[in-house]
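This report refers to the structure that appears directly beneath it.
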Amino acid sequence: MSEDVSIENDFEEMYYSSKKHRLSHAYTLSSKLSKICSGYKKDIDDLPGCPDIVYLKQKIAVYCVSDLWHCRDVERVTRDTKYYADFWLEMIARSIRMDLEIDKEMNELGYTVVRVWNSDIYENPDEVAEHIKKIVDGQKVK
């Protein structure tokens, strides 16, 4: 087995094993959304990337993404993972490539993709929920 295949398999295993952690963010967000913008489904497995929250009627898919896995701050990643920086940067690059492919597939299915950072959910879940509500209601957002 080549090293690239091994890294790819390690990545897939780590990425999908982090689902439980991602669910905590999605749960926090969905509990806020349920009060202001209901009508969504959670964890639709047959859609690409298994979105955390989906508004089927409006065709909006929400993914709660990890600051680390999706590289919100590359300087922090290289600083905090200095002993394994090359490994992590490759894993993050793979994650970003997966995101782009998922976005393309979802767009082809007619979905609007919304990605929200886990740290934003932790810091201000009400604001994130309001942002999603505006998208669902068809309002223009930044």
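Coordinate-derived values only; no laboratory data. Keep in mind that what you see is a predicted model, and the values were worked out from it rather than measured. Heads up, the Cβs are rebuilt from the backbone with ideal geometry, glycines too, and the neighbour counts pull from every protein chain shown.
Quick notes on this one:
- 20 Å reach of a label modelled at Gln58, 7 Å along Cα-to-Cβ, counting backbone N of the range 112-126: 112-118, 120-122, 124-126
- Amide H contacts for Thr112 (H built 1.01 Å from N in the peptide plane; partners 5 or more residues away or on another chain; cut-off under 5 Å): Ile60, Ala61.
- Computed extension length for Ser34-Tyr122: 30.0 nm, one decimal, from 0.36 nm per residue of separation with the Cα-Cα distance subtracted.
- FRET efficiency for Ala93 and Lys42, using Cβ-Cβ distance with R0 set to 35 Å, rounded to 0.05: 0.80
- Sequence-ordered 3J(HN,Hα) estimates for the range 133-138 from the Karplus curve with 6.51, -1.76 and 1.60 and θ = phi - 60° stand at 4, 4, 5, 4, 6, x Hz, glycine and proline given as x.
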